[in-house]
1. Residue by residue through the stretch A:265-289, note down the ones that are under 19 Å from A:VAL25 (Cβ atoms) and in contact with a Ser or Thr (Cβ under 6 Å, 6 or more places away or on another chain).
2. Based on what the data block shows, is A:GLY238 more than 14 Å from chain B (Cβ to nearest Cβ), surrounded by fewer than 16 Cβ atoms within 10 Å (Cβ to Cβ) and not in a helix (DSSP H, G or I)?
3. Suppose we keep only residues that are assigned to a loop (DSSP other than H, G, I, E, B) and touching a helix residue (DSSP H, G or I) at 6+ places or on another chain (Cβ under 9 Å) within the stretch B:413-447. Which one would you say is nearest to B:PRO463 (Cα to Cα)?
4. Here is a check on your reading of the model: is A:LEU77 closer than 30 Å to A:THR20 by Cβ, within 25 Å of the chain's Cα centre (by Cα) and exposed (fewer than 13 other Cβ atoms within 10 Å of the Cβ)?
5. Residue by residue through the stretch B:82-130, note down the ones that are buried (at least 17 other Cβ atoms within 10 Å of the Cβ) and of a type in the set (Gly, Ala, Ser).
6. Just a yes or no: is a residue in the stretch B:64-81 surrounded by 20 or more Cβ atoms within 10 Å (Cβ to Cβ) and aromatic (Phe, Trp, Tyr)?
7. Does the stretch B:101-112 include one or more residues that are more than 14 Å from chain A (Cβ to nearest Cβ), touching a residue at least 24 places away in the same chain (Cβ under 8 Å), part of a strand (DSSP E or B) and of a type in the set (S, T, N, Q)?
8. State whether one or more residues within the stretch B:407-430 are under 18 Å from B:LEU507 (Cβ atoms), surrounded by 15 or more Cβ atoms within 10 Å (Cβ to Cβ) and either among the basic types (Lys, Arg) or within 14 Å of chain A (Cβ to nearest Cβ) (or both).
Amino acid sequence: MALFALRRFLLSVPLLIGITFVSYVVISLAPGGPLDFLTPEDPNASVEVKERLIKEFGLDQPIHVQYWQWLKRAVRLDFGRSFLPDGRPVLTKIGERLPVTLFLNLIEMAIIVGLAVPIGVLSATRQYSLYDKITTIFVFVGFATPDFWLALLLMILFGVQLGWLPISGLRSLNWEYLSFWQQQWDFFSHLVLPIVVATFGGLAGFSRYMRQSMLEVVRQDYVQTARAKGLSERVVIGKHALRNALLPVVTILALALPGLIGGSVIIESIFAIPGMGQLMVQSVFSRDYPVVMGNLVIVATLTLVANLVADITYGLVDPRIRFGGRRRR
Amino acid sequence: MPRRRARGRSLLVWAGCGLLAAACNGPIESVSDDSATAGGAPAYGDTFIQASIGDIGGLIPSLTSDQSSHEVGSLIYDGLVKLDRDLNMVPAMAESWTYSRDCLELTFKLRRDVKWHDGRSFTADDVVFTYQTMINPKTPAPFKEGFLLVKDMEAPDPYTVRVRYAKPYARAVETWGTYILPKHLLQSFAEAGTLRESPQNSRPVGTGPYLFQEWKPGEKVVLVANPNYYEGRPYLSRIVYRVIPSQATIFLELKANGVDYVSTLTGIQYARQTEYPAFRKAYHKFRYPASDYTFLGFNLRDPRFADRRVRQAFAHAISKQELIDGVRLGLAREATGPIRPGTWAYTDQVERFAYDPAKAKVLLAEAGWKDRDGDGVVEDREGKPFTLTIRTNQGNDERKKIAEIVQQRLKEIGIQADIQLIEWAAFIKEFVKPRRFEVVVLGFGTGTDPDQFVVWHSSQRGPDQMNRTGYADPEVDALLEAGRMSCVQSERVRYYHRLQEILAHDLPMIFLYNRDALPVVAARIRGVSPAPAGILHNLTEWYVPKQQQRYTSG
């Protein structure tokens with residue numbers, strides 16, 4: 001197992017370098033460059049400044065040289081400074097956005113899993129019942145509802161009409177002047193709508209997956225056997241079936257790890273949440289290569305780690321894989 | 001607080017879509033249940049919350065070209081001169097200025113009571129330092145032209161600066177509306193070319209009416225009133241720029257009274273969605289011409305459009321009022337030329353072309369375009385039909401609608417037009433710059449100075465230059481040169497009036513309309529005084545009467 005993990009880990013290194021190289025080439029190929037956005041389409045803008053910045057950013061070098069320079073710094077975890085006029089270090093920029101996105105996505109994930117598992121299990125065990133049909137309709141409506149539209153409707157209802165919840169942002173403007181508990185409540189109330197919207201959309205896929213996985217498992221012989229042994233339905237489903245049905249779900253969860261730091265552009269924009277999604281999109285639009293690359297490295301690393309974790313946990317929870325591996329050796 | 005759009009910045013932004021400080025050729029309207037200026041004694045305090053769709057780029061605005069950075073920057077920094085409510089240059093940190101007789105030497109006397117936010121005195125050294133920084137090749141400032149024309153500059157004493165020019169430069173004074181930078185904090189960074197990385201770019205020290213307090217990227221910028229401001233402490237204690245990247249969310253925040261100011265509503269929002277009693281009670285709406293114009297531009301290299309009669313036929317075929325009503329819900333004014341209405345150089349005494357399709361057909365016939373085969377489309381003598389493509393950029397609904405209406409109107413006079421919408425970058429790169437277009441619908445931002453040399457002078461017709469219609473006229477060339485070289489406003493007025501007459505007659509483009517800026521301000525805010533410069537020009541005088549203040553904790 002340890003050897004397996006180590007080998008997988010060593011393989012990830014060239015893979016990561018490959019990913020960053022391809023990403024670097026692709027973003028450089030995108031039409032336009034950082035200078036098109038720094039120097040406006042304006043008769044008074046000076047051409048000499050443009051040339052100077054191109055040199056300063058190293059954009060006059062051939063692409064493999066540029067990449068090599070970037071890589072040399074990146075291995076020392078120096079991702080450089082943003083090309084934008086604020087010129088701040090990439091890691092600072094990412095660092096101030098990451099916590100919000102991570103926090104939101106973790107809560108969201110917990111709620112989705114917490115709701116999707118029972119929904120999926122119940123619909124599977126009562127396949128084609130009224131409950132199954134209602135939840136099916138519900139999750140498909142959730143799946144089909146554009147989240148920006150749902151967000152606006154909820155904002156109008158709870159923010160404008162009823163005035164119960166704040167419309168956008170993360171904190172009230174007088175946050176510093178509130179007491180500790182008021183601050184917590186203020187923060188929480190700002191989170192309600194974005195989390196509800198994000199969860200509503202994400203619930204569908206996950207609960208469907210759970211239902212499908214459960215449906216397959218309950219048809220297995222060992223479930224029959226468990227029933228035949230005279231075990232109560234609760235034990236049959238809750239212990240014998242659910243454990244096995246959760247296996248694929250673990251993989252999905254692990255693979256969702258990189259998504260945790262991605263952030264949703266739409267939700268972040270509409271609720272004015274300064275998270276990773278917005279940062280990524282803005283840096284792509286303004287061709288801010290250092291920030292884009294910094295972001296990509298983090299996402300790529302997490303994806304690789306997630307794959308690794310998925311493989312390992314799979315081995316841990318599924319004896320077939322564990323023993324299968326041993327026999328081969 | 002005047003919006004110093006002019007400070008060494010854009011004279012013209014090609015297709016600029018910013019609706020900002022504006023001038024006025026018609027009545028400035030304030031729509032509300034009670035007057036914006038009435039009631040309550042001026043009092044210090046309260047927080048003023050502005051919604052901004054984009055975050056600021058940085059806090060040394062000279063290095064940025066985005067609107068938000070300049071809005072925030074103009075409250076933190078000051079220039080030697082500024083624009084007043086009527087868009088005239090008036091002293092700010094300078095007490096006065098004088099020109100030498102030959103227009104080549106400009107001398108500023110500086111105020112002695114100006115202090116940097118950290119307590120240091122502001123002196124002529126800071127002005128000279130700002131100049132040196134701007135012309136330093138290591139400084140990545142997008143707008144330097146005004147500074148590069150300076151021959152030399154000196155400070156004979158701590159409160160005098162003298163600037164010399166090699167040639168007279170009409171916009172010399174305007175250049176010194178630039179953000180003056182603190183020498184004592186920035187010298188080493190400016191010399192090393194690392195201004196962007198300096199602390200000043202994240203915690204700026206200026207001389208303006210507001211002190212910087214906090215910038216949370218992507219979230220907000222907070223400014224607090226400068227108690228030692230040389231023109232007196234501003235009334236509003238705090239100004240918060242909230243970054244809200246979605247237009248829909250901004251509007252909902254407005255409806256829920258979450259923001260106090262939005263720089264421009266859409267036409268629908270202004271005309272319909274805000275017309276209910278609660279909104280009218282909570283906000284004052286304003287309406288005045290924005291500083292840009294929308295036009296239909298011809299490619300004069302195309303032999304068909306080289307004939308003025310054809311251009312005039314187009315002008316008669318199009319009803320500007322119809323476009324304004326259909327596209328802007330009436331919230332725009334007919335444009336007569338490229339100069340910003342309300343500024344001293346503007347005149348509306350120019351030739352106009354009424355909607356008259358019959359006359360348009362006669363003009364086309366005179367130019368040799370007749371419907372020879374009876375298919376409804378006019379042909380030239382060889383029988384080639386008059387077809388063309390109207391091009392504009394994708395994602396601008398207004399321009400798309402203009403193209404559609406114009407297409408319909410052209411059909412009436414026998415011209416068959418197609419419409420092509422192209423993504424912005426590709427549009428400029430593939431069509432506009434290489435001059436591969438027939439007719440385009442675009443917009444132009446206008447500065448406060450009337451100098452339009454780069455747009456109309458015949459020397460500016462190269463691929464990367466701004467004379468994109470390819471217009472060339474010897475008299476216009478002479479007027480543009482003279483207007484640029486003079487420092488006497490009464491002379492310049494004559495040149496630019498004549499320029500507008502010629503352009504209106506020659507029709508290198510059809511000036512369609514000046515859009516209206518449609519800002520809203522919370523009703524509790526008093527002292528708002530709409531003027532040709534817009535409404536933000538006297539922000540430091542805005543106040544909220546004590547009993548109506550909302551954010552008292554700050």
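The values are calculated or read from the model by the stated rules, or taken from the named source; none is laboratory data. All values reported here derive from a predicted model rather than from experimental measurement. Here the Cβ positions follow ideal geometry from the backbone for every residue, glycine too, while neighbour counts run over all protein chains shown.
1. Residue satisfying the conditions is A:ASP288 alone.
2. The answer is no for A:GLY238.
3. B:ARG436
4. yes
5. Of everything in the stretch B:82-130, those that are buried (at least 17 other Cβ atoms within 10 Å of the Cβ) and of a type in the set (Gly, Ala, Ser) turn out to be B:ALA92, B:ALA94, B:ALA124.
6. For the stretch B:64-81, residues surrounded by 20 or more Cβ atoms within 10 Å (Cβ to Cβ) and aromatic (Phe, Trp, Tyr): present.
7. Scanning the stretch B:101-112, I find at least one residue that is more than 14 Å from chain A (Cβ to nearest Cβ), touching a residue at least 24 places away in the same chain (Cβ under 8 Å), part of a strand (DSSP E or B) and of a type in the set (S, T, N, Q), so the answer is yes.
8. yes
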